[in-house]
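Student: One structure, as structure tokens, below. Some questions next.
What follows is calculated from the coordinates using simple rules that are stated; it is not laboratory data. On a predicted model such as this, the values are computed, not experimentally measured, just so you know. Note: ideal-geometry Cβ built from the backbone for every residue, glycine included; neighbour counts use all protein chains shown.
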Amino acid sequence: MTDLTPPSALPSIGPSRRRNGSGGFGGGRQRQSSQDGRQQSSFGKSRPSWYVPVVSVASTMLVVGTASYFIWQSNSRQLVEQQFFNREKFWDSFPDVVGGFWLNIQMFVVAEIAILLVALLVAVMRSLRGPEFFPLRVLSVIFIDLFRGFPLILLILLLGFGVPTLGISYVPNGVLFWGVTALVLSYSAYTAEVYRSGIESVSESQRSSARSLGLTQGQAMRYAILPQAVRNVIPALLNGLVSLQKDVALVSVLGIRESVREAQIEVARSFNFTPYMVAAVLFLLISIPLARLSDWYTKRDRERRTQTYV
Amino acid sequence: MSSNHGTHGENASQEPNAAEDANPDSDPIAPQDLSSPSDPIAFQEPMVELVSVWKSFGDKEVLRGLDLTVQEGDVICLIGASGCGKSTLLRCVNLLETLDRGSIYFIGTEIAPGVVNDNAVRKRMGIVFQSLNLFPHLNVLENMTLGLRVAHRISKATALELAKEWLARFNLSDKISEYPERLSGGQQQRVAIGRAMIGSPDLLLLDEVTSALDPELVGEVLALMKELAAGGTTMLVATHEMGFAKEVASRVCFIHGGVIHESGRPEEIFGSPRTEETQRFLARLREGGRL
Ligand SMILES: Nc1ncnc2c1ncn2[C@@H]1O[C@H](COP(=O)(O)OP(=O)(O)O)[C@@H](O)[C@H]1O
Ligand SMILES: [Mg+2]
């Protein structure tokens, strides 16, 4: 919230710069001088210290209050409350949905670890140089194109329902395994590209330096390039984490009894949507902290960088 | 030992240094070295020998049949206009670029084209670039020892000892656990030189290591380079620091037109340059106040 409110000194600086730019060199200067009086006075009198917190709290209350008022006033308020926020139904379905949510968390953790590893492998394969690695580069490009090209839901249906029917003996045949595998493949394709952008952001001379010390291409990658590359893309990786946490629920289409599926069962039984709200609250409990963590890290990272290079 | 073999020009057109001549023993330079009074050994294998090296980027020919011989203990300064190919030459020697034609010998072994293990070669050379290139995620100690630990497979304790030794020598002992971003440019380049020297390379390649530095930081790096030269380190140095070249170089090579256009002892090149191009280059430097 406070991020949206500009610091008190900025508004008067911003517009004057813009005016200077759009007016060309000579013209801009002229026009600016005619407004200098007003500019300077707003520059001189800085806003009082209570301005930022008070304005942000007041504007928040205004927006939230207006929205609540209209919802409160609407005829359907009672219906909404009955169908979505039914206290009794909430606690009725709570144990099953929470039980299912535990499976969501397990799938999420396992999938995320697998994604970070598979994607790294694919990205490194794609970044190898030299004719001898051509096949690996081609493989990784095919992998990325293929699994990024499918809608995730289609991949989940295909693998989750399809592969177990093949009855292949040397791979697990569970729906759960293949559902999670679909998630891993799709997210790995995206995440590999994230890693790759990180690898490419490390300057060529860093690679030369590492190679000139006698490190092999793989060692240069491992000790010189990747540590920098990963640090550069942690904000993007955190973003993927937040997104995966929600998409895990897609495996419910396979009949896997995770939280959304459990909620769905309850909804079908009671013709009331409150169980969905239970699931929604549970997801929010994870995704909001993750999103804040991601914001916090990204901001800190940006500050650290500007400090270093200015 | 190499004080007098520079006078016969390294000019590509003069030297019938056949590319197929894989045996440096029959090199036409050798007889000259034999007669060298300062050379106690009858014949010494060149540290590095470039034979008719061609290198182009796209249709831009940068090196056009360049020949160069570096003897052990030589400090060779490569001078020439910006873009004349000094960096390219050094990168070729370090096998960071592949040659179009010609060959490079390192201690009697052909290393380009078609070396089997380029890392084995690089381990015996050190190179420092113009841009500040320490690994930003590693501290000074880790920067110094990465090559030792990973490429040379030297134990942690030995590597630490070596690093401390070099840092002490370079007056950087108190920076051992600093990260590069907290060092001045001059300190970074000194650590980079230390990182290149710590593996006891046979040859040190320096590519305009002071060009990216603020003027007040140039001196400390040049002093270090002089110290290394005095210690007998074989060096191939691309530089714009003519003062350094005059004072330290055993031979100065002026690169022009993709070859070593003229080479000789510093007093010859700077005092009585023979070709018009060299004279013109030096005149430009004088105008710019850099000579
Ligand atoms: N990787 C490259 N790709 C294309 N052109 C290059 C590359 N490296 C160097 N060159 C070109 O080769 C010429 C010589 O460059 P360089 O060896 O860096 O010169 P110097 O170090 O003497 O200033 C320049 O014209 C430069 O633009
Ligand atoms: Mg250069």
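Student: If you place +1 on the Cβ of every Lys and Arg and -1 on the Cβ of every Asp and Glu, how big does the dipole about the Cα centre of region B:36-192 come out, in debye to the nearest 20?
Tutor: It comes to approximately 480 debye.
Student: Label region A:221-310 by shape, choosing from rounded, prolate and oblate, from the square roots a ≥ b ≥ c of the eigenvalues of the Cα gyration tensor; if a/c is under 1.5 it is rounded, and otherwise prolate applies when a/b is larger than b/c, oblate when it is not.
Tutor: Note, shape of region A:221-310 comes out oblate.
Student: Could you name the lysines whose alpha carbon sits less than 17 Å from that of B:K123, not counting residues in the same chain fewer than 8 places away?
Tutor: Answer for B:K123, where 17 Å is the Cα cut-off: none of the lysines qualify.
Student: Is region B:113-261 rounded, prolate or oblate when judged by the Cα gyration tensor, a ≥ b ≥ c being the square roots of its eigenvalues, rounded requiring a/c under 1.5 and prolate requiring a/b larger than b/c?
Tutor: Oblate shape, in that a/c is at least 1.5 and b/c is the bigger or equal ratio.
Student: May I pose another question? Could you pull out every residue, at least 5 positions away or on a different chain, whose amide H is within less than 5 Å of the one on B:G102? Hs are placed 1.01 Å off N in the peptide plane, and Pro or chain starts have none.
Tutor: Long-range HN contacts for B:G102: B:W54.
Student: If I take all pairs of Cα atoms in region A:130-169, what percentage of them are more than 13 Å from each other?
Tutor: Everything past 13 Å amounts to 65 percent.
Student: Quickly work out the B:A283-to-B:T109 label distance, labels modelled 7 Å from Cα along the C-beta direction, and quote it in nm with one decimal.
Tutor: 4.8
Student: How do A:V55, B:V93 rank when sorted from fewest to most other Cβ atoms within 10 Å of their own Cβ?
Tutor: The order, fewest Cβ neighbours first, is A:V55, B:V93.
Student: Please compute the average number of Cβ atoms from other chains found within 10 Å of each residue's Cβ in peptide B:191-199.
Tutor: For peptide B:191-199, the averaged partner shielding equals 1.
Student: Now a separate question. Can you bin region A:48-130 into rounded, prolate or oblate? Criterion: square roots of the alpha carbon gyration tensor eigenvalues sorted a ≥ b ≥ c, rounded for a/c under 1.5, prolate for a/b above b/c, oblate for the rest.
Tutor: Cα axes put region A:48-130 in the oblate bin.
Student: Can you work out ³J(HN,Hα) from phi for every residue in region A:151-162, in order, using Karplus 6.51 cos²θ - 1.76 cosθ + 1.60 and θ = phi - 60°, giving whole Hz and x for Gly and Pro?
Tutor: x, 4, 5, 5, 4, 5, 5, 4, 6, x, 8, x
Student: In addition: Taking only the C-alpha atoms, wrap a convex hull around region A:82-238 and report its volume per residue in Å³ as a whole number.
Tutor: Per residue, the Cα convex hull of region A:82-238 comes to 164 Å³.
Student: Okay, next question. Which pairs in the list B:K226/B:K246; A:K299/B:K175; B:K55/B:K86 are over 19 Å apart, alpha-carbon to alpha-carbon?
Tutor: Beyond 19 Å between Cα atoms: A:K299/B:K175.
Student: OK, next. In debye, nearest 20, what is the charge dipole magnitude of region A:77-132 about its Cα centre with +1 on Lys and Arg Cβ and -1 on Asp and Glu Cβ, if you could check?
Tutor: Dipole magnitude for region A:77-132 comes out near 240 debye.
Student: To continue, here is another question. So if R0 is 56 Å, what FRET efficiency would B:R274 and A:L136 give, r being the distance between their Cβ atoms, rounded to the nearest 0.05?
Tutor: That pair, B:R274 with A:L136, gives E of 0.55.
Student: Now for a different question. Using the count of nearby Cβ atoms within 10 Å as a rough guide to exposure, how do B:D174, B:D67, B:D202, B:D74 rank from fewest to most?
Tutor: B:D174, B:D202, B:D67, B:D74
Student: Mean separation of Cα pairs under 8 Å and 6+ residues apart, divided by the residue count of region A:229-310: what relative contact order is that in percent?
Tutor: So the answer I get is 34 percent.
Student: How would you rank A:I156, A:I288, going from fewest to most other Cβ atoms within 10 Å of each one's own Cβ?
Tutor: So the residues, fewest neighbours to most, are A:I288, A:I156.
Student: Would you work out the charge dipole size for region A:216-298 about its Cα centre, treating the Cβ of every Lys and Arg as +1 and the Cβ of every Asp and Glu as -1, and quote it to the nearest 20 debye?
Tutor: Result for region A:216-298 is approximately 180 debye, rounded to the nearest 20.
Student: Residue-wise, which Karplus ³J(HN,Hα) couplings in Hz belong to region B:237-243, taking 6.51 cos²θ - 1.76 cosθ + 1.60, θ = phi - 60°, and x for glycine or proline?
Tutor: Going residue by residue, I get 10, 8, 8, 9, 7, 5, x Hz, with x marking Gly and Pro.
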